Amino acid sequence: MSENENIFDVLIIGGGPAGLTAGLYAARARMKCVLLEKMMMGGQIATTEMVDNYPGFPEGIAGAQIGPLFEAQAKRFGLEVRQFQEGLKVERRDAGFLVTCVNHDELFCKSLIIASGSGWTPLGIPGEERLKGAGVSYCATCDGAFFRDLELAVIGGGNSAVEEAMFLTKFASKVYIIHRRDQLRAEKIVQEKAFANPKIEFVWSHVPLEIVGEKEVEGVRVKNLKNDEERLLPVAGAFIYVGMKADSEIVKNLVEMDEQGYIKASEDTKTSCPGLFAAGDVRQKPLRQVATAIADGATAAIMAEKYIDQ
Ligand code: NAP
């Protein structure tokens, strides 16, 4: 590979809806553009069974289909995608940024779009780390089928917890949703479906204290916040959905962030570092959806084009 092959107008980190949309717009603007994705195309949405709130798909669309569709569209206009490639370090250079990758490739770009999304927050209770992969999971679509006819616990009360609990009822005989309040955070339409699902039992106003089990999960010890009573829910798996944390470590020395690591950038996606744009879930924003991520991606690409032209 010649040195010139590693010099780009725009480099995009992250192959979710935000990054792939940025790639589509950058490619159509005839910028030399590369996108790095360390795992599956589609990012977090690829682990969602069905997406019902992305317009244009009246019957919904499988989360795993979104990434490949976006990718094919962006590639049609010339986006270069390097999958299973991870940026490790980003350094500011006079005329742009130097990105060092896991395989030691050094890529230079005039502007950088960080669309690295967010990852699951761990609960931080005893047993969680030790039993990860042995009944503790953060991905129902990946692991749900291992629990056919068994009882499971889902922890959390947001969209992720409730939607994934419903997905898990396809396999499990029963799913407990353990929530620390007596009201869900999830959208009303999601709540309605869950309340109507006979396999779901809500464990309101409880917090999990410990995931119990020798070699694999045997139960979740919970505490009732109203009377401090403790009990053991005998489940074979615990799926944890207590929120997300930004995947922004790679640019932490370059841009301003909030306490959770979300990058501060307004609707124009401009960060505190000129030439570096933040798109999608990694940006501080009020709503994290495919619809808002793609808006960011389009904006970031056009802002990058303007930045380079100037
Ligand atoms: P979230 O909306 O932040 O919800 C996290 C849930 O975990 C909340 O119910 C919270 O309780 C609970 N929680 C947090 N820390 C806890 C702790 N230490 N112990 C026990 N419970 C704890 O996270 P999310 O559901 O993963 O969603 C993340 C973002 O993606 C949201 O913006 C969401 O709307 C979006 N999303 C959208 C869809 C969709 O549109 N279909 C699907 C999935 C995700 P409290 O409610 O008491 O704070």
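Of all DSSP bridge pairs formed entirely within the chain, close to 45 percent run antiparallel.
Using 0.36 nm per residue and subtracting the Cα-Cα separation, the extra length available between Leu232 and Ser272 on full extension is 9.6 nm. Within segment 113-215, the GluC sites (Glu not before Pro) that combine a DSSP coil assignment with at most 15 other C-beta atoms in a 10 angstrom radius are Glu129, Glu187, Glu214. Close Lys pairs in segment 122-240 (alpha-carbon distance under 25 Å; sequence gap of 8 or more, or different chains): 19. Among the GluC sites (Glu not before Pro) within segment 1-72, those in coil by DSSP and having at most 11 neighbouring Cβ atoms inside 10 Å are Glu59. Cut-off 10 angstrom, C-alpha nodes, Gaussian network model of the chain. Which of Phe97, Phe70, Phe84 fluctuates the most? Of Phe97, Phe70, Phe84, the most mobile in the Gaussian network model is Phe84. Kirkwood radius, segment 233-290, all distinct C-alpha pairs, inverse of mean reciprocal distance: 12.9 Å. Over segment 122-240, the ratio between the Cα radius of gyration and 2.2 N^0.38 Å evaluates to 0.96.
Counting DSSP beta bridges in segment 122-240, what percent are antiparallel, to the nearest 5? Antiparallel: roughly 40 percent of the beta bridges in segment 122-240. Measuring nothing but how far apart in sequence close Cα pairs (under 8 Å, 6+ apart) lie, relative to its length, segment 166-265 scores a relative contact order of 17 percent. Could you list, in their original order, any pairs among Lys110/Lys270; Lys38/Lys89; Lys32/Lys252; Lys32/Lys306; Lys245/Lys285 whose Cα atoms are separated by more than 19 Å? Over 19 Å Cα-Cα: Lys32/Lys252. Estimated at 0.36 nm per residue, the fully extended path between Asn253 and Gln65 surpasses their Cα-Cα distance by 64.2 nm. For the chain, the Cys residues with no second cysteine's beta carbon closer than 4.7 Å are Cys33, Cys101, Cys109, Cys273.
What residues of segment 128-159 lie in the reach of a label at Lys245, counting those whose backbone N is under 16 Å from a point 7 Å from the Cα along Cα→Cβ? Flagged as within label range: 128-130, 138. Restricting the GluC sites (Glu not before Pro) of segment 219-270 to loop positions (DSSP other than H, G, I, E, B) with no more than 12 neighbouring Cβ atoms within 10 Å leaves Glu229, Glu256, Glu259, Glu267. The spacing between segment 75-89 and segment 1-66, judged by their C-alpha centroids, is 9 Å. A dipole drawn for the chain from +1 and -1 charges on Cβ atoms has a positive end, and of Ser173, His206, Gly63 the residue lying farthest that way is Gly63. Calculated [222 nm] ellipticity per residue, helices only, for the chain: -6500 deg cm²/dmol; basis is -39500 (n - 2.57) per DSSP H run with n ≥ 4, divided by all residues, nearest 500. Once you divide the Cα radius of gyration of the chain by 2.2 N^0.38 Å, the number left is 1.08.
Segment 185-205 and segment 269-291 have Cα centres lying 31 Å from one another.
Computed from the coordinates by the stated procedures, all read-outs in this text should not be read as laboratory data. Because the structure is predicted, anything quoted here is derived from the model rather than measured. Backbone-built Cβ (ideal geometry, glycine too); neighbour counts: all protein chains shown.
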